[in-house]
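Accompanying notes for the structure given below.
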Amino acid sequence: MDQGDANGNRRVTRFRLPSGLEIIGLPTPNSYGGEWDLGPTWNYLILTEHPILVDTGRYGTTTDLVDMINLAGLSEKEVTRIVISHGHEDHDGGVAKMAEITGAPVLAHRVYDRLCRFYPDLAPEGSRKDFPAGCWHCHMPKSFSDTHCLDYQREGAALAVEAITEDGYVIENDVTLYHIPGHSPDSLAVKLGSEAMLVGDTVLPQITPWPTSENMFEMTGRVLAPDYSRADEIYGLKTYLKSLQKLSHLNGRSEMAVFPAHRLYYGGQWQVFGLKERINELYSHHIARCSSIMAILGSGPKSAREISKLLFSEAQLKGAGIFMADNEVTSHCELLAATNDVDLDDGPGFATRGTSTFVDFIKGLS
Ligand SMILES: [Zn+2]
Ligand SMILES: [Zn+2]
């Protein structure tokens, strides 16, 4: 197998589970040229009787992906199904090309199937009407979207998708899909019997996955009706934390192998982790972040932007960083409002009630 580089790029790896089932890790390049680095996208080929490819790397990396499949001794023609873990470009960028090359059907959550389309008449004021619904909230500068997104969005909108509506959808034998919204409203986990779980970006080593905020539903709700009528069914930190709880329950008491979509190998080593342990770390992280926000609100009501400026460093707030920071703060304040620790007022934004109910809420999930 290809040994790849220290961050895992091109480190094609064959994993054998106790049952004998094999999974091939296919890490495709994932560089935005920006300051942050998630590491390559780990796509996986599950070698069931009819091999299933989970994720397709970024737009423009299909040649790398096919090369790696070949390097592992398989033909891309052996892929019989493509599953998309969630509709972020580093995971579904290559889906249209891979579907074309392999002839395999594409399985994704029904929310994915809705959000990858264009709805010029349904787009709300202030959104990017010329983008698919999943990108209406995007704050990346036009210089970025013009070079990274246009072809990807056009191909995605034309893609035929087998939309998964059932939670616990069985693809074959022991391969089951679960809806785990939060990082993205369409996130899916792939469970392989009781021995492995592919968790997409919902649980990552070293990185705390970004949660959506419930206010995104104000833009996309009309596209998702009537299947979803409330933001907290598919968006926000509370939804994300509940999906972590769901993963933890699915894991049960077994020692499952966990296959994340980034950083399986990074910094010159394998980043092996236990699902429950990592989920508990993520709960702790969010308790700490909520606590920091509550401390900031101790000096008086503040808007998300005002909180962001006090919570993050100047370097973190540079460029599009400010929008990511605002989203991070908003998603935590939405949770704090749901646990009645914070009031959402019409004025500047958020005001503390002086309680810390959120701590018991999050701890209660574990
Ligand atoms: Zn993602
Ligand atoms: Zn990702």
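State whether the residues of the range 186-197 include one that is within 16 Å of ligand 2 (Cβ to nearest atom), at pLDDT 95 or above, out of contact with any Leu (no Cβ under 7 Å at 6 or more places or on another chain) and not aliphatic (A, V, I, L, M). Yes: one or more hits. Per the listing SER229, SER248, SER254, the residue uniquely within 30 Å of ARG16 (Cβ to Cβ), hydroxyl-bearing (Ser, Thr, Tyr) and either within 16 Å of ligand 1 (Cβ to nearest atom) or not in a helix (DSSP H, G or I) (or both) is SER254. Does any residue of the range 258-265 turn out to be within 16 Å of ligand 2 (Cβ to nearest atom) and surrounded by fewer than 18 Cβ atoms within 10 Å (Cβ to Cβ)? No, the range 258-265 contains no residue that is within 16 Å of ligand 2 (Cβ to nearest atom) and surrounded by fewer than 18 Cβ atoms within 10 Å (Cβ to Cβ). Kindly check whether there is at least one residue in the range 66-83 that is within 16 Å of ligand 2 (Cβ to nearest atom) and under 20 Å from ALA163 (Cα atoms). Yes; the residues of the range 66-83 include at least one that is within 16 Å of ligand 2 (Cβ to nearest atom) and under 20 Å from ALA163 (Cα atoms).
Would you say LEU335 is part of a helix (DSSP H, G or I), farther than 22 Å from GLY200 by Cα and of a type in the set (A, V, I, L, M, F, W, C)? Considered against the rule, which asks whether it is part of a helix (DSSP H, G or I), farther than 22 Å from GLY200 by Cα and of a type in the set (A, V, I, L, M, F, W, C), LEU335 comes out as yes. Exactly one residue out of THR56, THR13 is polar (S, T, N, Q) and over 21 Å from GLN271 (Cβ atoms): that is THR56. Return a yes/no flag: does the range 261-269 have any residue that is closer than 30 Å to TYR44 by Cβ and free of Cβ contacts under 8 Å to residues at least 40 places away in the same chain. Checking the range 261-269: at least one residue is closer than 30 Å to TYR44 by Cβ and free of Cβ contacts under 8 Å to residues at least 40 places away in the same chain. Taking the range 89-127 as the region of interest, how many residues are within 16 Å of ligand 1 (Cβ to nearest atom), closer than 13 Å to GLU155 by Cβ and not aliphatic (A, V, I, L, M)? Final tally of qualifying residues: 5. Among the candidates GLU166, GLU162, the residue that is closer than 25 Å to TRP42 by Cβ and surrounded by fewer than 18 Cβ atoms within 10 Å (Cβ to Cβ) is uniquely GLU162.
Of the residues GLU214, GLU218, GLU195, the single one that is in contact (Cβ under 8 Å) with a residue 12 or more places away in the chain, away from ligand 1 (no atom under 16 Å from the Cβ) and crowded, with 20+ Cβ neighbours inside 10 Å is GLU214. Of the listed requirements (1) more than 16 Å from ligand 1 (Cβ to nearest atom); (2) in contact (Cβ under 8 Å) with a residue 24 or more places away in the chain, THR176 misses just one: (2). Within the range 312-330, the residues that satisfy the criterion of being outside any helix (DSSP H, G or I) and of a type outside the set (Ser, Thr, Tyr) are PHE312, GLU314, ALA315, GLN316, LEU317, LYS318, GLY319, ALA320. Residues in the range 79-88 that are closer than 16 Å to GLY200 by Cα and more than 9 Å from ligand 1 (Cβ to nearest atom): ILE82, VAL83, ILE84.
Scanning the range 4-42 for residues being under 22 Å from ASN173 (Cβ atoms) and among the charged types (D, E, K, R) gives a total of 3. When ASN251 is tested against (1) without any contact (Cβ under 8 Å) to a residue 60 or more places away in the chain; (2) surrounded by fewer than 18 Cβ atoms within 10 Å (Cβ to Cβ), only condition (2) is not met.
Inside the range 102-115, residues that are within 16 Å of ligand 2 (Cβ to nearest atom) and without any contact (Cβ under 8 Å) to a residue 60 or more places away in the chain make up a count of 0.
Conditions tested, residue by residue: (1) in contact with a Leu (Cβ under 8 Å, 6 or more places away or on another chain); (2) small (Gly, Ala, Ser); (3) free of Cβ contacts under 8 Å to residues at least 40 places away in the same chain; (4) within 22 Å of PHE144 (Cβ to Cβ).
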site: ARG10; (1), (2), (3), (4): no, no, no, no
site: MET68; (1), (2), (3), (4): yes, no, no, no
site: ALA96; (1), (2), (3), (4): yes, yes, no, yes
site: GLU100; (1), (2), (3), (4): no, no, yes, no
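Can you name the number of the only condition in (1) away from ligand 2 (no atom under 16 Å from the Cβ); (2) surrounded by 24 or more Cβ atoms within 10 Å (Cβ to Cβ) that ASP174 fails? Tallying (1) away from ligand 2 (no atom under 16 Å from the Cβ); (2) surrounded by 24 or more Cβ atoms within 10 Å (Cβ to Cβ), ASP174 fails exactly one: (2).
Residue by residue, here is whether (1) in contact with a strand residue (DSSP E or B) (Cβ under 9 Å, 6 or more places away or on another chain); (2) surrounded by fewer than 16 Cβ atoms within 10 Å (Cβ to Cβ) holds:
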site	(1), (2)
MET68	yes, no
GLU78	yes, yes
GLU89	no, no
ASP92	yes, no
LYS97	no, no
ALA104	yes, no
LEU107	yes, no
VAL111	yes, no
GLY126	no, yes
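With respect to (1) touching a residue at least 60 places away in the same chain (Cβ under 8 Å); (2) crowded, with 18+ Cβ neighbours inside 10 Å, the lone exception for LEU336 is condition (1).
The values are calculated or read from the model by the stated rules, or taken from the named source; none is laboratory data. Note that the structure is a prediction, hence the values are computed from the model and not measured. Positions of Cβ are generated from backbone atoms using ideal geometry, with glycine treated the same way; all protein chains shown enter the neighbour counts.
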